[in-house]
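Each remark here refers to the structure printed beneath this line.
The values are calculated or read from the model by the stated rules, or taken from the named source; none is laboratory data. Bear in mind that the values here come from a model prediction, so they are computed numbers and not experimental data. Here Cβ is always computed from backbone atoms with ideal geometry, including for glycine, and neighbour counts include all displayed protein chains.
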Amino acid sequence: MFKIIKRQEMAEGTVILNEIEAPLIAKKALPGQFVIIKATETGERIPLTMADTDPEKGTITIIYMVVGKSTAIFRDLKEGDSYMDVIGPLGAATHLEKVGKVVCVGGGTGVAVLHPITRGLKEVGNDVTSIIGSRNKDLLILEDKMKAASTRLHVCTDDGSYGHHGFVTEVLKDTLEKEDIKLAVAIGPVPMMKAACAVTKEYNVKTVVSLNPIMIDGTGMCGGCRVSVGNETKFACVDGPEFDGHKVNFDELILRLRAYNSEEKESYNNYCNSQKA
């Protein structure tokens, strides 16, 4: 059993932070890796990238959006309660090296995934510009942590209630115009990552994305998390979850996610509607 030692509601209660006792995972986990969590014996296996780890305390932090039955069960767990299973660390860790100027772009709960990567890139000596966004100010998460992890931070809201009025891609384009960016990292809803990669491709800037396809076992056996990258089939759980964003077939990924994932379906529809406005 894996005890919840801290629980925090974020984004008007739609996003939940849990700090969980998992000393072996905390000791080995690296930025970009994920865990698979199950609340009960009959519960669904949910993959979640770790937003933070504390090897000294022996804890990992996950942040998730409540979008369905399984995450609603997660939401009902209080401090002192336990998850039945936490498996990890899984996936390939982020490649961290000093390249110069880096831009990190996050949207929605993708900011939780972006946080340890941003911190790691700064710790190895990069100049890191971070751009995070949400639909409105109340849905923004981890602003303080991202500020601490970055050299500079830009905040965007779709409705203009806080920071830049508009999309993260607008600030991304402005940053690429003004700075000699060597690497971009974009994590968030798939339509956002697709749009960010379209922008960075114009400037020939290598771009890393973290993909979240349907996943079951997390070891590459089921094939549920397959994605097309550079006209090759890859498994996000073992080959990723990070890939070269300019090689990802986002249209195929969006179609697969829309069939199963209500969060991605909603984000896709919201994004399409915003482009029509």
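When you go through (1) surrounded by fewer than 18 Cβ atoms within 10 Å (Cβ to Cβ); (2) under 25 Å from ILE216 (Cβ atoms) one by one for LYS78, which number turns out not to apply?
Status for LYS78: all satisfied but (2).
Can you tell me how many residues in region 45-56 are surrounded by 22 or more Cβ atoms within 10 Å (Cβ to Cβ) and in a loop (DSSP other than H, G, I, E, B)?
Summing the residues that are surrounded by 22 or more Cβ atoms within 10 Å (Cβ to Cβ) and in a loop (DSSP other than H, G, I, E, B) in region 45-56 gives 2.
Could you give every pair whose Cβ atoms fall below 6 Å, whose first residue belongs to region 205-224 and is on the phi < 0 side of the Ramachandran plot, and whose second residue is surrounded by 15 or more Cβ atoms within 10 Å (Cβ to Cβ) and among the hydroxyl-bearing types (Ser, Thr, Tyr), counting only separations of at least 6 or pairs across chains?
Matching pairs, first to second residue: THR207/THR200.
Would you confirm whether any residue within region 233-245 is in contact (Cβ under 8 Å) with a residue 60 or more places away in the chain, touching a Ser or Thr at 6+ places or on another chain (Cβ under 9 Å), acidic (Asp, Glu) and buried (at least 22 other Cβ atoms within 10 Å of the Cβ)?
So far as region 233-245 goes, yes, one or more of its residues are in contact (Cβ under 8 Å) with a residue 60 or more places away in the chain, touching a Ser or Thr at 6+ places or on another chain (Cβ under 9 Å), acidic (Asp, Glu) and buried (at least 22 other Cβ atoms within 10 Å of the Cβ).
Quick one: which of ILE141, ILE117, ILE132 is out of contact with any helix residue (DSSP H, G or I) (no Cβ under 8 Å at 6 or more places or on another chain) and either under 26 Å from PRO191 (Cβ atoms) or free of Cβ contacts under 8 Å to residues at least 24 places away in the same chain (or both)?
Numbers: ILE141 fails: out of contact with any helix residue (DSSP H, G or I) (no Cβ under 8 Å at 6 or more places or on another chain); ILE132 fails: out of contact with any helix residue (DSSP H, G or I) (no Cβ under 8 Å at 6 or more places or on another chain).
Sole residue among the options that is out of contact with any helix residue (DSSP H, G or I) (no Cβ under 8 Å at 6 or more places or on another chain) and either under 26 Å from PRO191 (Cβ atoms) or free of Cβ contacts under 8 Å to residues at least 24 places away in the same chain (or both): ILE117.
For ILE25, indicate whether it is aliphatic (A, V, I, L, M), modelled with pLDDT of 95 or more and either exposed (fewer than 14 other Cβ atoms within 10 Å of the Cβ) or within 20 Å of the chain's Cα centre (by Cα) (or both).
Numbers: aliphatic (A, V, I, L, M): yes; modelled with pLDDT of 95 or more: yes; either exposed (fewer than 14 other Cβ atoms within 10 Å of the Cβ) or within 20 Å of the chain's Cα centre (by Cα) (or both): yes.
Here the answer is yes, as ILE25 does meet what is asked.
Only one of LEU172, LEU183 is of a type outside the set (S, T, N, Q), closer than 25 Å to ALA29 by Cα and at pLDDT 95 or above; which? Spell out how you get there, then give the answer.
Details: LEU172 fails: closer than 25 Å to ALA29 by Cα.
When all the criteria are applied, what remains is LEU183.
Among the listed residues THR59, THR42, which satisfies the condition of being crowded, with 20+ Cβ neighbours inside 10 Å and over 21 Å from VAL209 (Cα atoms)? Lay out the reasoning, then the answer.
Working: THR42 fails: crowded, with 20+ Cβ neighbours inside 10 Å.
Answer to the check: THR59.
Within region 180-222, restricting attention to residues that are part of a helix (DSSP H, G or I) and among the basic types (Lys, Arg), which residue is nearest to ILE37 (Cα to Cα)?
Just the residues of region 180-222 that are part of a helix (DSSP H, G or I), to begin with: 190-202.
Now drop any that are not among the basic types (Lys, Arg), which leaves 194, 201.
Details: LYS194: 28, LYS201: 35 Å.
Looking at residues that are part of a helix (DSSP H, G or I) and among the basic types (Lys, Arg), I get LYS194.
Against the condition touching a residue at least 60 places away in the same chain (Cβ under 8 Å), closer than 30 Å to MET1 by Cβ and more than 16 Å from the chain's Cα centre (by Cα), how does VAL86 come out, does it pass?
Yes, satisfied.
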